[in-house]
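Novice: Right, I'll just put the structure down here and ask away after.
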Amino acid sequence: MSEATANEIGPHEGITGLVDDWAADKQAYHVPWGKAMMWIFLVSDTFIFSCFLVGYLNVRITTTEPWPAQSEIFALSFGGDPIPLILIAIMTFILITSSGTMALAVNMGYRKEKMKTFWLICATAAFGASFVGMQAFEWTKLIVDEGVRPWGNPFGAPQFGSVFFMVTGFHGLHVSAGVIYLLWVAFRVKRGYYDEKGFEIVEIAGLYWHFVDLVWVFIFAFFYLL
Amino acid sequence: MASAEGQQHPLGIYYKIWILLFVLSGFSYAVDYFDVQGALRWTLVITFMFLKAGFIVAIFMHAVWERMALVLTILGPPTVLLLLIGFMSIEGSYTEEARFAYMGHDRDAVALTPAELHGEEGEEEH
């Protein structure tokens, strides 16, 4: 693609390559700068989410009040007996589906299949939007029907509400921002904005989207399952 | 290997990882559905979690194909979090134990479930 980013790569891989990349008084990361910056942003975002999750770990350990039974609180009934945690399971599957369509979009982008890329990104954004919709439903159910508040709830430890709103809210904000970002990239792809510049942007947007899915993997395990 | 040409890989690997992620999520959900408890629950949930996270970072985010300089920049700094997690669990356990031992908190308190709070709808007679 563009020659500007092709700062020469030395002959070595692995540890020798690492020494080369850092010691040769030149560009250290042999990737487009946008991608390096996205990775650095994601590393910093990792720390923010980690602060929330470690904070959750700490209140979960220290509180002597019983932790509410997530499995039953997030159960949903489709006419019959409530199925435990089903809404969260559906949300998890939706996010994984969207991660898959995004991975395909990145691939199609590099193949310069513009329309396929456009539609795959749109599908990803649509899955993301439905995820946020379900989250809104879940929040409404907890706030209105169950009376869960950031400072208390009828089930047990009051910290449950604060952790729930903080962690899922911050993640939902990431998903919402991601949907907007993806749609923006999708329409620029369609309009041919990247025909000359190359399609790295799809991969960069993809990194962000996979990261959002990655964070959900941890939230799903630590907040909903354990 | 990474280059300015970008990350181009056969589609097959994405489909395989995609299916694998579905299966692993299904397993995680099954742990809850079949109400596995105790140490086994923790082991299973955390194993599936790390497998899923690993595959997303390695394949979907292309980390296995990146050069080591970038991979270490991504994965290196977050490892210090292990230290934070360790410290906070030690500190947390101490706080909890102190609350039980000196503040009279109940060791055997049990959380209420939505069913208990709203009453079992099927059992009520009007």
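Novice: Which longest run of chain A has no exposed loop site in it, a site being GluC sites (Glu not before Pro) in a DSSP loop with at most 13 other beta carbons within 10 Å, and the site itself not part of the run?
Specialist: The longest such stretch corresponds to A:14-195.
Novice: Same structure again: Helix-only mean residue ellipticity at 222 nm, the protein assembly as shown, DSSP H runs n ≥ 4 weighted -39,500 (n - 2.57), per residue, nearest 500. What is it? The partial results should precede the final answer.
Specialist: Details: 12 runs with 224 residues, N = 352.
The per-residue figure over the protein assembly as shown is -21500 deg cm²/dmol.
Novice: Now for a separate question. Could you compute the longest span of chain A free of trypsin sites (Lys or Arg not before Pro) located in DSSP loops and having at most 15 other Cβ atoms within 10 Å, not counting the site residues?
Specialist: Here the longest run is A:27-110.
Novice: So, one more: Taking the 0 to 90 degree range and rounding to the nearest ten, how far is the long axis of helix A:200-219 tilted relative to the main principal axis of chain A, both from C-alpha atoms?
Specialist: Computed tilt is about 30 degrees.
Novice: In what sequence do A:Tyr29, B:Tyr15 fall when counting other Cβ within 10 Å, fewest first?
Specialist: Lowest to highest Cβ neighbour count: B:Tyr15, A:Tyr29.
Novice: Okay, next question. Around A:Phe160, with a cut-off of 15 angstrom between Cβ atoms, what is the net charge of the other residues, counting Lys and Arg +1 and Asp and Glu -1?
Specialist: Neighbourhood net charge equals -1.
Novice: Given A:Lys112/A:Lys190; A:Lys35/B:Lys52; A:Lys35/A:Lys197; A:Lys35/B:Lys16; A:Lys116/A:Lys197; A:Lys114/A:Lys197, which pairs have Cα atoms separated by over 20 Å?
Specialist: Details: A:Lys112/A:Lys190 11 Å; A:Lys35/B:Lys52 23 Å; A:Lys35/A:Lys197 14 Å; A:Lys35/B:Lys16 25 Å; A:Lys116/A:Lys197 18 Å; A:Lys114/A:Lys197 13 Å.
The answer is A:Lys35/B:Lys52; A:Lys35/B:Lys16.
Novice: Could you state the principal axis extents of the C-alpha atoms in region A:66-225, from the largest down, to the nearest angstrom?
Specialist: Result, largest extent first: 58, 32, 24 Å.
Novice: Cα centroid distance between region B:1-72 and region A:29-58, in Å?
Specialist: Answer, in whole Å: 18.
Novice: Then there's this: For chain B, compute the orientation-averaged projected area of the C-alpha convex hull (one quarter of its surface), in nm².
Specialist: Mean orientational projected area (chain B, Cα hull): 14.0 nm².
Novice: For region A:151-226, which chymotrypsin sites (Phe, Trp or Tyr not before Pro) are both in a DSSP coil and crowded by at most 15 other Cβ atoms within 10 Å? Show your work: numbers first, answer last.
Specialist: On the way: sites: A:Trp151, A:Phe155, A:Phe160, A:Phe164, A:Phe165, A:Phe170, A:Tyr181, A:Trp184, A:Phe187, A:Tyr193, A:Tyr194, A:Phe199, A:Tyr208, A:Trp209, A:Phe211, A:Trp216, A:Phe218, A:Phe220, A:Phe222, A:Phe223, A:Tyr224; in loops: A:Trp151, A:Phe155, A:Tyr193, A:Tyr194, A:Phe199.
Passing both the DSSP loop test and the Cβ count: A:Trp151, A:Tyr193.
Novice: At 20 °C and 1.002 mPa s, grab the translational diffusion coefficient of the protein assembly as shown from Stokes-Einstein with a Kirkwood Rh over Cα pairs, rounded to a whole number in µm² per second. List each step's numbers first, then the result.
Specialist: Working: Rh = 22.2 Å.
Approximately 97 µm²/s, per Stokes-Einstein.
Novice: On to the next question. I'd like to verify something in chain B: which complete DSSP H helices, judged by Cα projection on the helix axis, reach 15 Å or more and average at least -1.0 on the Kyte-Doolittle scale? Before the final figure, lay out each step's value.
Specialist: Working: long enough: B:11-33 (33 Å, 1.24); B:39-55 (24 Å, 1.35); B:80-102 (33 Å, 0.82).
Passing helices, by number: B:11-33, B:39-55, B:80-102.
Novice: Taking only Cα atoms, what is the 0 to 90° angle, nearest 10, from helix A:14-23's long axis to the longest principal axis of chain A?
Specialist: The angle comes out at about 70 degrees.
Novice: Can you give me the long-range amide H partners of A:Ile83? Hydrogens built in the peptide plane at 1.01 Å from N, cutoff under 5 Å, separation of 5 or more residues or another chain.
Specialist: Long-range HN contacts for A:Ile83: A:Leu76, A:Ser77, A:Phe78.
Novice: Compute the signed sum of charges (Lys and Arg +1, Asp and Glu -1) over the other residues within less than 12 Å, Cβ to Cβ, of B:Val23.
Specialist: +2
Novice: May I pose another question? With a 10 Å radius around each residue's Cβ, average the other Cβ atoms per peptide and rank B:58-66, B:87-95, highest first.
Specialist: Highest mean packing first, the order is B:58-66, B:87-95.
None of the figures in this text is laboratory data; all of them are computed from the coordinates on show. Bear in mind the structure is a predicted one, so any value in this text is a computation, not a measurement. Neighbour counts are summed over all protein chains in view; Cβ atoms, including those assigned to glycine, are modelled from backbone coordinates with ideal geometry.
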